[in-house]
Amino acid sequence: MQVVTRFAPSPTGYLHVGGARTALFSWLYARHCQGKFVMRIEDTDLERSTQSAIDAIIDSMQWLNLSWDDGPYYQTKRFDRYREVINQMLEAGTAYKCYCTKERVEALREEQMKQGLKPRYDGHCREDHSEHSPDEPYVVRFKNPTTGVVAFDDMVKGHIEFQNSELDDFIIQRSDGTPTYNFCVVVDDLDMGITHVIRGDDHVNNTPKQINLYKALGAKVPVFCHLAMILGDDGTKLSKRHGAVSVMQYREDGYLPEALLNYLVRLGWSHGDQEIFSVQEMIELFTLEAITKSASGFNTKKLDWLNAHYMKTLPREQVAAELEWHLQRQGITDLSTGPKCADIVAAYCERCHTLKEMAEKARCYFEEITSYDPAGVKKWIKEGSVDILKASLEVLSKLESWNSQAIDEALEQLAKQKEVGMGKVGQPLRLAMTGTAMSPGIGDTMMLVGRERALKRIEQAIAAFA
Ligand code: GLU
């Protein structure tokens with residue numbers, strides 16, 4: 001049997017961390033089993049679904065590199081299919097038209113509540129409604145079994161049972177003809193051949209209704225796997241209060257997709273005490289059996305640690321591609337005016353926590369220096385600094401090859417000659433190159449600035465500090 005999983009977000013907002021974890025687990029399981037991963041947009045709630053949410057979800061999935069084999073399907077484009085199944089069910093007698101007025105249903109509910117009962121439809125229209133004319137408004141209800149239990153063995157939560165007497169004949173088509181959520185999910189999962197439903201545990205209570213629908217349609221029930229929720233650092237449900245929760249906000253904040261994926265996979269899944277997993281490794285090792293039962297806690301420090309790890313260890317070009325996005329985001333549109341981004345990554349990956357920070361620090365390689373950090377100037381520009389800058393200019397303009405080792409050596413020699421520490425040579429030059437007193441080794445910094453521009457910047461600093 002080929003494993004088919006899906007991710008089925010409702011596009012009512014951005015893709016948050018919880019949704020991304022669900023997507024990742026579904027994707028990983030499909031990839032682990034060499035199965036298929038389906039993307040489905042559950043946009044039947046017309047009032048709450050928006051195009052911008054759809055775009056944000058798709059962008060996030062693409063950024064995380066969670067590619068689908070099928071879809072995206074849109075529920076709003078499948079209304080004919082839902083109607084077809086509803087008609088089949090009406091004919092088969094597994095669903096029925098209900099003409100009860102809102103008032104009747106409301107009165108029933110109030111009465112049940114008064115008696116301390118769980119409100120549920122009483123099946124009034126189940127059998128005979130011959131007295132109704134075809135133009136009267138009606139909803140379609142599912143004929144839920146009245147006795148027995150609905151049971152399933154959840155891959156995470158274990159055996160779960162519901163009494164059918166607890167469930168009611170829920171509406172599958174509203175009076176305006178639109179199908180309802182639980183019904184669409186089942187028709188979709190069936191049509192798309194879903195074998196494993198992996199989703200958040202907020203859907204456990206929908207599962208018995210869905211299982212009864214599968215059975216009524218004579219279909220095989222998929223395997224269910226309900227993931228425990230994610231909690232914030234303080235043990236409460238993860239929300240905006242805990243900082244960034246949208247996947248794209250993590251991108252904005254300068255995290256690498258590899259770091260976020262690695263972080264997410266550990267939220268509710270483990271493999272011994274291993275913390276670092278490449279995507280390939282996740283695919284190889286991921287099983288549903290190893291998903292943890294308890295809620296997982298979000299820990300920003302760990303995400304930062306993983307981000308630092310991946311900035312240092314991923315191929316430079318890969319990190320550079322993400323850095324380019326940040327530079328452009330920060331208004332540097334013409335990247336040809338600066339060094340290769342992979343060289344920036346090499347020089348800065350140990351010095352930054354995020355790519356956003358790296359891009360901020362790298363601005364000086366693409367834009368002219370228009371000011372100098374006053375604290376840096378106060379600390380490092382002293383009597384004699386201008387002379388040292390002048391001497392550096394002379395030495396450096398004679399350098400045969402412009403590489404960081406040659407630059408460093410020439411400046412060390414100069415420091416010796418002038419009988420000053422390297423700081424007195426390097427720091428004014430750093431200010432000249434970057435406008436700040438902080439940058440990688442001075443040789444690397446000047447390499448990134450480039451020969452011609454570096455010499456010009458020294459001249460500019462001489463004029464500014466004289
Ligand atoms: N659309 C649902 C949600 O976003 C998911 C439904 C499902 O996975 O069955 O919560």
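Rule-based calculations on the coordinates, nothing more; no lab input. Bear in mind the structure is a predicted one, so any value in this text is a computation, not a measurement. Cβ atoms come from the backbone with ideal geometry, glycine included; neighbour counts cover every protein chain shown.
Looking only at segment 288-325, residues that are surrounded by 14 or more Cβ atoms within 10 Å (Cβ to Cβ), part of a loop (DSSP other than H, G, I, E, B) and over 18 Å from the mean Cα position of the chain (by Cα) come to 3 in all. Quick check on Thr22: is it under 30 Å from Arg241 (Cα atoms), out of contact with any Gly (no Cβ under 9 Å at 6 or more places or on another chain) and within 14 Å of the ligand (Cβ to nearest atom)? Here the answer is no, as Thr22 does not meet what is asked.
Of the helices (runs of 4 or more DSSP H) contained entirely in segment 361-459, those carrying at least 2 residues that are crowded, with 21+ Cβ neighbours inside 10 Å fall at 385-397, 404-418, 422-434, 442-449. Put simply, of His196, His242, His159, His226 the only residue that is more than 16 Å from the ligand (Cβ to nearest atom), crowded, with 16+ Cβ neighbours inside 10 Å and not acidic (Asp, Glu) is His242.
For segment 400-436, which residues satisfy the criterion of being among the charged types (D, E, K, R) and touching a Phe, Trp or Tyr at 6+ places or on another chain (Cβ under 9 Å)? Break it down stepwise before answering.
Of segment 400-436, the ones among the charged types (D, E, K, R) are 400, 408-409, 412, 416, 418-419, 424, 430.
Lys424, Arg430 - these are the residues of segment 400-436 that are among the charged types (D, E, K, R) and touching a Phe, Trp or Tyr at 6+ places or on another chain (Cβ under 9 Å).
Within segment 29-75, the residues that satisfy the criterion of being within 13 Å of the ligand (Cβ to nearest atom) and not in a strand (DSSP E or B) are Glu42, Asp43, Thr44, Asp45, Arg48, Ser49, Ala53, Ile54, Ile57, Gln75. Gly177 meets each of the listed conditions (1) buried (at least 21 other Cβ atoms within 10 Å of the Cβ); (2) assigned to a loop (DSSP other than H, G, I, E, B) apart from (1). Considered as a group, the residues in segment 205-222 that are under 30 Å from Tyr263 (Cα atoms) and surrounded by fewer than 18 Cβ atoms within 10 Å (Cβ to Cβ) include one that is nearest to the ligand (Cβ to nearest atom), and that residue is Asn206.
Please work out which residue is farthest from the chain's Cα centre (by Cα), limiting yourself to segment 37-61 and to residues that are of a type in the set (Ser, Thr, Tyr) and loosely packed, with under 15 Cβ neighbours inside 10 Å. Across segment 37-61, the extreme among qualifying residues is Thr50. Inside segment 122-156, residues that are surrounded by 12 or more Cβ atoms within 10 Å (Cβ to Cβ) and in contact with a helix residue (DSSP H, G or I) (Cβ under 7 Å, 6 or more places away or on another chain) make up a count of 10. When segment 356-374 is filtered for residues that are over 22 Å from Gly450 (Cβ atoms) and in contact (Cβ under 8 Å) with a residue 12 or more places away in the chain, the ones remaining, listed by number, are Lys356, Glu357. Residue count for segment 79-106 satisfying the condition of being of a type in the set (Asp, Glu) and over 39 Å from the mean Cα position of the chain (by Cα): 3. Residues in segment 85-98 that are crowded, with 18+ Cβ neighbours inside 10 Å and either among the acidic types (Asp, Glu) or assigned to a helix (DSSP H, G or I) (or both): Val85, Ile86, Met89. Can you spot a residue in segment 110-128 that is touching a residue at least 40 places away in the same chain (Cβ under 8 Å), more than 14 Å from the ligand (Cβ to nearest atom), in a loop (DSSP other than H, G, I, E, B) and within 24 Å of Val38 (Cα to Cα)? No, segment 110-128 has no match at all. Just one of the numbered conditions (1) outside any loop (DSSP other than H, G, I, E, B); (2) surrounded by fewer than 18 Cβ atoms within 10 Å (Cβ to Cβ) is not true of Tyr82: (2). I want to confirm something. Restricting to segment 5-28 and keeping residues that are in contact (Cβ under 8 Å) with a residue 60 or more places away in the chain and hydrophobic (A, V, I, L, M, F, W, C), which single residue is surrounded by the fewest Cβ atoms within 10 Å (Cβ to Cβ)? For segment 5-28, the residue satisfying everything is Val17. Scanning segment 374-406 for residues that are of a type in the set (Asp, Glu) and in contact with a helix residue (DSSP H, G or I) (Cβ under 8 Å, 6 or more places away or on another chain) gives a single hit, Glu400. Of the set (1) more than 18 Å from His196 (Cβ to Cβ); (2) touching a helix residue (DSSP H, G or I) at 6+ places or on another chain (Cβ under 7 Å); (3) away from the ligand (no atom under 14 Å from the Cβ), all apply to Val3 but (1).
Among the conditions (1) within 15 Å of the ligand (Cβ to nearest atom); (2) crowded, with 21+ Cβ neighbours inside 10 Å; (3) touching a residue at least 40 places away in the same chain (Cβ under 8 Å), Leu256 misses just one, which is (1).
In segment 171-185, which residues are of a type in the set (A, V, I, L, M) and within 16 Å of the ligand (Cβ to nearest atom)?
Filtering segment 171-185 for residues of a type in the set (A, V, I, L, M) gives 171-172, 185.
Result: Ile172, Val185.
Only one entry in Asp154, Asp168, Asp189, Asp202 is more than 16 Å from the ligand (Cβ to nearest atom) and among the acidic types (Asp, Glu), namely Asp168.
The single residue among His226, His271, His203 that is within 23 Å of the chain's Cα centre (by Cα), assigned to a loop (DSSP other than H, G, I, E, B) and of a type outside the set (Lys, Arg) turns out to be His271.
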